[in-house]
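Asker: I'd like to ask you about the structure that follows.
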Amino acid sequence: MKKLLLIQSTPYDSDKRPIKKKKLYFVGLGLPLLASLTPKSWEVEIILETIEDIPFDTDADIIAIGSMGHAIIRSIDIAMEFKRRGKTVILGGYMASMMALEAKMYCDSVVIGDAENVWGNLIEDYEEGNLKDFYKEQINNLSTPLPRFDLITNKNIGDFLPVQGGRGCPNSCSFCSVYCLYKNKYLKRDISEVLRDIRHIKELGFNKFLLLDDNIVSDREYLIDLCKEIKKLDMQWLSQCSISIGKDLELLNIVADSGCIALSFGLESISKESLNDMDKSWADPSKYPELIENIQNSGIDVSTEMVVGADGDTLESIKNTAKFIKENKIVVPRFYILTPIPGTKYFSQMKEQNRIFNEDIYSYNGSEAVHIPKNMSPKQLTKAYWDLYEEVFSFKSIFKRTIFRKGIFKRLDKYLFYFMVNLYYRYQIKRRITPNII
Ligand code: B12
Ligand code: SF4
């Protein structure tokens, strides 16, 4: 029987050691899905490198490696090692798709973008000794088989399994990788298919799921219909979407009522100028507090993703961001330095303006400035970024955002959980690890 080894690589830390954890709280869907798209005549194994070691002496025939964000550099190192050992190596996932020519230098074939329509052909071509350099076919309808969760549920993962709703996003933020691959397209799966996967997850004994979707409010009617069905299954779920959901109280209630416990929002910045600059002019930071309050009042917890270093940012506005997070009692805030990722519009803009200060794209990790900001030096930006993290994860701020809040005793277990997550993030920040891959 032929064997396929699927690997999700882990990023390197600042000493170039692969970041390791005992438990991976959130797992992606890409590899379980690829496994289910693989012909039944193949044996498949999945390795999540964050929690497992890579079996370099495997007897697998094909090694296929994912590439998420700055973990691409680790993916390339793994690819080169397997090539050295004479294996057939495939790279796929976001970064390999966005820099496919570069990725090809280290492997036999690159899958660009969605794998659904090409993975079967790739396996067939391999069997016929006829692998092509690139496989690319964008899908127009999103329909996927039941993912091979059996290949990950025996691992030390969290209590949420991933289920996909939609893929892509109608917006076009200049720094965004999703826009690069989907160009304003939002593909959604049939509600019956999404429910099939959620029911399966429940049968496996999981009562929580991660609804993977780049922006679940991309299609309001679809979301309402989906939530009405999810409610019947009595489960808890998390997802991410645009903060604009905070304007729509009716929708918020339907979403909360269906079991949504927390949503993550890419707020990006409290500076309107910065948002305009990122082609995110539809977002209005002066409205953020009101929208956040509406969301929190509906019973949904708010976690945020923000970036610093856009042209509207000053050292003072970055400092004020800590105040914003504290005042709005954001339970799980995360930050990145705005980074021009090759393939994005923002990368081309920075390149044209000659503002890329560090050309070594493989060193980009979202926590060190690589471009020349408008209102500070790259060094000042990196320092302001870590100062912001230190301030937001000071004990005072952690207590204020998680413990000292109205209704704490009604939902003590929940806020204690967030308190623990914050302590863990603090521990990572002290070691200069961006808190993200738990
Ligand atoms: C769940 C998730 C996570 C989870 C789980 C990660 C994991 N290791 O499995 C957590 C929270 C841990 C995480 C962490 C990170 N993530 Co993440 N994550 C996601 C998210 C929300 C969903 C991924 C998913 O399962 N999608 C559903 C599946 C079906 O789609 P897919 O992954 O795109 O897979 C399809 C194709 O891409 C392809 N494919 C995917 N992998 C592979 C591999 C091979 C070999 C092949 C052939 C094909 C292939 O086939 C699939 C079917 O078509 C995406 C957003 C998104 N739009 O996908 C971000 C996303 C992938 N993450 C991103 C980033 C940046 C990160 C971090 C680097 C964040 C950070 N700064 O630290 C870390 C790195 C983690 C790591 N490498 O271990 C970026 C990647 C951007 C980029 N240019 O690379 C995304 C796109 C978010 C965003 N909007 O920017 N992430
Ligand atoms: S709203 Fe989010 S997913 Fe959509 S383009 Fe902007 S950053 Fe990307």
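The values are calculated or read from the model by the stated rules, or taken from the named source; none is laboratory data. The model shown is predicted, which means the values in this text are computed figures rather than measured ones. No Cβ is skipped: glycine too gets one built from the backbone with ideal geometry, and neighbour counts run over all protein chains shown. Protein only, heavy atoms only, side chains kept; ligands, DNA and RNA dropped before computing areas. Shrake-Rupley method; radii C 1.70, N 1.55, O 1.52, S 1.80 Å.
Asker: Restrict the check to segment 159-168 and report whether at least one residue is of a type in the set (S, T, N, Q), under 25 Å from Leu24 (Cα atoms) and touching a strand residue (DSSP E or B) at 6+ places or on another chain (Cβ under 7 Å).
Answerer: yes
Asker: I'm trying to understand the selection: among the residues of segment 302-341, which are under 30 Å from Ala96 (Cβ atoms) and hydroxyl-bearing (Ser, Thr, Tyr)?
Answerer: Residues satisfying the conditions are Ser303, Thr304, Tyr336, Thr339.
Asker: Mind checking whether some residue in segment 63-70 is at negative phi and either away from ligand 1 (no atom under 11 Å from the Cβ) or surrounded by fewer than 16 Cβ atoms within 10 Å (Cβ to Cβ) (or both)?
Answerer: So far as segment 63-70 goes, no, none of its residues is at negative phi and either away from ligand 1 (no atom under 11 Å from the Cβ) or surrounded by fewer than 16 Cβ atoms within 10 Å (Cβ to Cβ) (or both).
Asker: Inside segment 205-249, can you point out the residues that are more than 15 Å from Lys188 (Cβ to Cβ), touching a Lys or Arg at 6+ places or on another chain (Cβ under 7 Å) and not aromatic (Phe, Trp, Tyr)?
Answerer: Leu233, Met235, Gln236
Asker: Related question: Sort out which residues of segment 90-128 are open to solvent by less than 30 Å² (accessible area, probe 1.4 Å) and more than 20 Å from Leu29 (Cα to Cα), and write them in order of number.
Answerer: Met99, Ala100, Ala103, Cys107, Ser109, Asp125
Asker: Mind counting the residues in segment 140-160 that are buried (at least 17 other Cβ atoms within 10 Å of the Cβ) and within 11 Å of ligand 1 (Cβ to nearest atom)?
Answerer: 6
Asker: If you don't mind, there's one more thing I want to ask. Which residues, counting only those in segment 330-367, are part of a loop (DSSP other than H, G, I, E, B), closer than 30 Å to Tyr418 by Cα and modelled with pLDDT of 95 or more?
Answerer: Matches in segment 330-367: Ile330, Val331, Leu338, Thr339.
Asker: Same structure, new question: Determine, yes or no, whether Leu226 is in contact (Cβ under 8 Å) with a residue 60 or more places away in the chain, open to solvent by less than 10 Å² (accessible area, probe 1.4 Å) and either in contact with a strand residue (DSSP E or B) (Cβ under 6 Å, 6 or more places away or on another chain) or assigned to a helix (DSSP H, G or I) (or both).
Answerer: In short, yes.
Asker: Ok, one more. Could you grab me the full set of residues in segment 166-195 that are open to solvent by 40 Å² or more (accessible area, probe 1.4 Å), away from ligand 2 (no atom under 13 Å from the Cβ) and without any contact (Cβ under 8 Å) to a residue 40 or more places away in the chain?
Answerer: Hit for segment 166-195 is Ser192, nothing else.
Asker: Just wondering, is there one or more residues in segment 392-405 that are closer than 20 Å to Ala262 by Cα, surrounded by fewer than 19 Cβ atoms within 10 Å (Cβ to Cβ) and in contact with a Lys or Arg (Cβ under 7 Å, 6 or more places away or on another chain)?
Answerer: Yes - at least one qualifying residue is present in segment 392-405.
Asker: Next question, about the same structure. Which one of these is under 22 Å from Glu273 (Cα atoms), in contact (Cβ under 8 Å) with a residue 12 or more places away in the chain, open to solvent by 50 Å² or more (accessible area, probe 1.4 Å) and away from ligand 2 (no atom under 16 Å from the Cβ): Asn328, Asn375?
Answerer: Of Asn328, Asn375, the one residue that is under 22 Å from Glu273 (Cα atoms), in contact (Cβ under 8 Å) with a residue 12 or more places away in the chain, open to solvent by 50 Å² or more (accessible area, probe 1.4 Å) and away from ligand 2 (no atom under 16 Å from the Cβ) is Asn375.
Asker: Return a yes/no flag: does segment 284-292 have any residue that is more than 13 Å from ligand 2 (Cβ to nearest atom), aromatic (Phe, Trp, Tyr), modelled with pLDDT of 95 or more and closer than 26 Å to Trp237 by Cα.
Answerer: yes
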